[in-house]
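A short write-up of the structure that comes next.
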Amino acid sequence: MPSYQYKAIDRSGRPARGGLDAVNEVDLELRLRRMGLDLITYKEVDRQASAFAAGGKITRQDLVNFCFDMEQMVRSGIPILDGLRDMRDTLENPRFRDVLTVMTEDMEGGKVLSQCMAAHEAVFDNVFVSLVRAGEQAGQLPQVFQNLAETLKWEDELISQTRRLLMYPALTLAVVLAVLGALLVFLVPQIAQLFKVMGMALPGQTRALLAVSAFVANYWLIILAVPVAAAAALTVAVRGNAKAAYMWDYAKLRLPLIGPILQKIIMSRFTNVFSLMYRSGITVLDAIRTSEEVVGNRVISDGLNRAGQQVSAGEGLTETFQNLGMFPPLVIRMLRVGEATGALDVALANVTYFYNRDVRDSVDKGLKMLGPVLTLVLGGMIAFVIWAVLGPVYDILGKLKF
């Protein structure tokens, strides 16, 4: 379906701009009229340009608000179509407003909510659509939207907390590296000239510092370019080669300090999605297949794929996950308890709660320790520079006769 960038006015005469998908110009005008807008001018654009012109991407916070509003409306008995119309008219994000406009029209054409969402893969992923579809079938849409809102909110809080806590270490690293670079490029070479004129024997640390300073001064462009080139090469390899992508995901799980936290985040995401889908009436096999797409790690995803094959062959769920050898004992134990009691969703929800709390505490402690550790390491580097420079200077001063 073509995308259009339009200029219009509302009923009060105020101008409005945005982007909208429509079959043709007549369809575009009809859709804008349903939104209370009168079309002035338009032009056809590609979808990416339309998304940018319509207000950029839809954030996770937009989806949290959407889930919360949908939960309240469905729980209150408001028809979904009326709720979508009301929500569309109050949204500030133009792109999301256009998406809800198309969804409203699709529902007026006879589609259900999950089918309307499935047409917007960039906004509602496969897990989101599958859970809503299961909620429609089981009559549990309020619970599904509540769980989705809580999950999205937790992810948003974790990302915000990580960014906030990283600001101080990042600032410290940038400042100290800038100071260290200035010392090596400007100060140390001038001191080196003094040592050369004096013709004195230099200690080992000073000779090492002068060698590092000469290397940085002569090859600073290469020093800056190598990390960028390495990162670009790694990105290209991971995106273009399945084996390289698999090895990269494997390496991330084995990183010191970061690896265990990443594994807990993946386990939390898996157990949360699995329990949500199981609670919503989705079969175990379908829940496993969907979980493969959301864990965000090819190693774990490959393990889930093998687990799905073994379960479909008739093996027990707990034994299957235990034989894979990549899931922690807590997950295996809770799977066994859930199978024995018939409350698999409750058991996995407990795992999700434990990992969420553990991840939050681990990230908080780790990032709080990162600042002081980084300060000590970089401070030690600067102290070494000062020691290597001032040591010979003091020797020179001691030999001077006044």
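Quick one: pull the percentage of alpha-carbon pairs in region 60-124 with a separation above 17 Å.
Looking at region 60-124, the distances longer than 17 Å represent 35 percent of pairs.
Across TRP248, TRP154, TRP387, mean-square fluctuation computed from a Gaussian network of the chain (C-alpha pairs under 10 Å connected) peaks at TRP387.
Rounded to the nearest 20, the Cβ-based charge dipole of region 280-352 about its Cα centre (Lys and Arg +1, Asp and Glu -1) stands at 160 debye. Estimated from helical segments only, the mean residue ellipticity of the chain at 222 nm is -25500 deg cm²/dmol, where each DSSP H run of four or more residues counts as -39500 (n - 2.57). When the chain is treated as a GNM, springs tying every alpha-carbon pair under 10 Å, which of ARG14, ARG298, ARG279 comes out with the largest mean-square fluctuation? It is ARG14.
Computed on region 30-164, with alpha-carbon pairs under 8 angstrom and 6+ residues apart, the relative contact order is 29 percent. Axis angle, to the nearest 10 degrees, between helix 258-279 and the longest C-alpha principal axis of the chain: 10 degrees. Between SER12, LEU100, LEU37, the Cα set farthest toward the positive side of the dipole of region 1-145 (charges on each charged residue's Cβ, about the Cα centre) is that of SER12. For the chain, the longest principal axis of the alpha carbon atoms and the long axis of helix 60-75 meet at an angle near 30°. Can you tell me the orientation of helix 188-198 relative to the chain, as the angle in degrees between its alpha-carbon axis and the longest Cα principal axis, to the nearest 10? Around 10 degrees separate the two axes. The chain has equivalent-ellipsoid semi-axes of 54, 33, 19 Å, by the square roots of 5 times the alpha carbon gyration tensor eigenvalues, sorted largest first.
Placing unit charges on the Cβ atoms only, positive for Lys and Arg and negative for Asp and Glu, gives the chain a dipole magnitude near 1880 debye about its Cα centre. Taking VAL212, VAL236, VAL197 in turn, the Gaussian network model of the chain (Cα-Cα springs below 10 Å) assigns the largest fluctuation to VAL197.
Every number in this text was worked out from the coordinates using simple rules, so none of it is lab data. What you see is a predicted model, and the numbers here were worked out from it, not measured in a lab. Heads up, the Cβs are rebuilt from the backbone with ideal geometry, glycines too, and the neighbour counts pull from every protein chain shown.
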